[in-house]
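The values are calculated or read from the model by the stated rules, or taken from the named source; none is laboratory data. Fair warning: this is a prediction, and the values are worked out from it, not measured in the lab. FYI the Cβ positions are ideal-geometry reconstructions off the backbone, even for glycines, and counts take in every protein chain you see. We work out accessible area using only protein heavy atoms, side chains counted, and drop any ligands, DNA or RNA first. Shrake-Rupley method; radii C 1.70, N 1.55, O 1.52, S 1.80 Å.
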Amino acid sequence: MSFNDLFSYTIVLNSRSPRRKQLLEQMGFMVRTVKTQTSETYPADLTMEAIPVFLAKKKGQAYKEELLEKEILLCSDTMVFLHNKVLGKPKDKQEAKTMLQSLSNNKHSVISGCYIRKGEKERLFYEKTEVYFKPLSTSTIDYYIDKYTPLDKAGAYGIQEWIGMVGVEKIEGSFYNVMGLPTIALFDNLLELISL
């Protein structure tokens, strides 16, 4: 299989995330979105890195539709960890504010787990990025929550939005991973998958 062969495949994205779909299309892929309902539960003894991988595989195993010859299933789960604790999607604006206050002047980890499958072949991998926020004033946090949509995002923020431009001092690792898709690791693993 050559490099160019990869682009003849359609990615079956088991996610309704518009950001993941957009990133895949920007990478040059044709994308078809599906959504399988699975619980977000996982064993309590898993490491930080293992949790999103476990959930991504769970989504992949729940998808029972047969893939066409030129289709690759992609399931991904991105999680935010602060001091080894999960920060999920906030339930309301007050919880979003509390989360952003905890991220202020702090380093946190964003870990994406991915599961890809073509026929009987599958691969699992993860990517970890460290994100550093500067001290965030109350007015900065309130402005972001009022003007943007933090309630649908793990950790109550999107790095590609205003808060990332004015609040994130630096990152160590993949920027796109923080958006929800580890594009470099995904591309490399897709190339390996089609050559198996």
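Regarding segment 174-181, can at least one residue be identified that is buried (at least 16 other Cβ atoms within 10 Å of the Cβ), in a loop (DSSP other than H, G, I, E, B) and more than 19 Å from the chain's Cα centre (by Cα)? Reasoning before the result, please.
Let us first name the residues in segment 174-181 that are buried (at least 16 other Cβ atoms within 10 Å of the Cβ), namely 174, 176-181.
Within this subset, residues satisfying the condition of being in a loop (DSSP other than H, G, I, E, B) are 174, 180-181.
If we keep only those that are more than 19 Å from the chain's Cα centre (by Cα) too, we end up with none.
Checked against the condition, which is being buried (at least 16 other Cβ atoms within 10 Å of the Cβ), in a loop (DSSP other than H, G, I, E, B) and more than 19 Å from the chain's Cα centre (by Cα), segment 174-181 yields no hits at all.
Inside segment 141-160, can you point out the residues that are out of contact with any Leu (no Cβ under 9 Å at 6 or more places or on another chain) and farther than 19 Å from residue 15 by Cβ?
First, the residues of segment 141-160 that are out of contact with any Leu (no Cβ under 9 Å at 6 or more places or on another chain): 142-143, 146-149, 151-153, 158-160.
Scanning segment 141-160 gives 142, 143, 146, 147, 148.
Residue-by-condition table, conditions (1) within 24 Å of residue 157 (Cβ to Cβ); (2) of a type in the set (S, T, N, Q); (3) open to solvent by less than 50 Å² (accessible area, probe 1.4 Å):
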residue	(1), (2), (3)
4	no, yes, no
9	no, no, yes
16	yes, no, no
21	yes, no, no
25	yes, no, no
36	no, yes, yes
41	no, yes, no
45	no, no, no
48	yes, no, yes
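Being closer than 22 Å to residue 49 by Cβ and either among the polar types (S, T, N, Q) or at pLDDT below 95 (or both) is the filter here; which residues of segment 110-142 pass it? If you could, list the steps in order and put the result at the bottom.
Pass one, segment 110-142, residues closer than 22 Å to residue 49 by Cβ: 110-117, 122-133.
Scanning segment 110-142 gives 112, 129.
List pairs: first residue in segment 10-31 and part of a strand (DSSP E or B), second residue polar (S, T, N, Q) anywhere in the structure, Cβ distance under 6 angstrom, at least six positions apart or on different chains.
These pairs meet every condition: 13/33; 14/36; 30/10.
Looking at residue 102, is it crowded, with 16+ Cβ neighbours inside 10 Å, assigned to a strand (DSSP E or B) and of a type outside the set (D, E, K, R)? Walk me through it before giving the result.
Working: crowded, with 16+ Cβ neighbours inside 10 Å: yes; assigned to a strand (DSSP E or B): no; of a type outside the set (D, E, K, R): yes.
Spelling it out, it is not the case that residue 102 is crowded, with 16+ Cβ neighbours inside 10 Å, assigned to a strand (DSSP E or B) and of a type outside the set (D, E, K, R).
If you check 141, 163, 184, which single one turns out to be of a type in the set (Val, Ile, Thr) and surrounded by fewer than 17 Cβ atoms within 10 Å (Cβ to Cβ)? Working first, answer last.
Values: 141 fails: surrounded by fewer than 17 Cβ atoms within 10 Å (Cβ to Cβ); 163 fails: surrounded by fewer than 17 Cβ atoms within 10 Å (Cβ to Cβ).
Of the residues listed, the single one that is of a type in the set (Val, Ile, Thr) and surrounded by fewer than 17 Cβ atoms within 10 Å (Cβ to Cβ) is 184.
Within segment 115-164, count every residue that is touching a residue at least 60 places away in the same chain (Cβ under 8 Å) and not in a strand (DSSP E or B).
Of the residues in that region, 10 qualify.
Please specify each residue of segment 78-99 satisfying the condition of being open to solvent by less than 10 Å² (accessible area, probe 1.4 Å) and either part of a loop (DSSP other than H, G, I, E, B) or in contact with a strand residue (DSSP E or B) (Cβ under 6 Å, 6 or more places away or on another chain) (or both). Reasoning before the result, please.
In the first step, residues of segment 78-99 are kept if they are open to solvent by less than 10 Å² (accessible area, probe 1.4 Å); the result is 80-81, 90, 96.
Scanning segment 78-99 gives 80, 81, 90.
Consider residue 64 against the criteria (1) under 20 Å from residue 118 (Cβ atoms); (2) surrounded by 15 or more Cβ atoms within 10 Å (Cβ to Cβ): it satisfies all of them except one. Which criterion is unmet?
In the conditions (1) under 20 Å from residue 118 (Cβ atoms); (2) surrounded by 15 or more Cβ atoms within 10 Å (Cβ to Cβ), residue 64 misses (2) alone.
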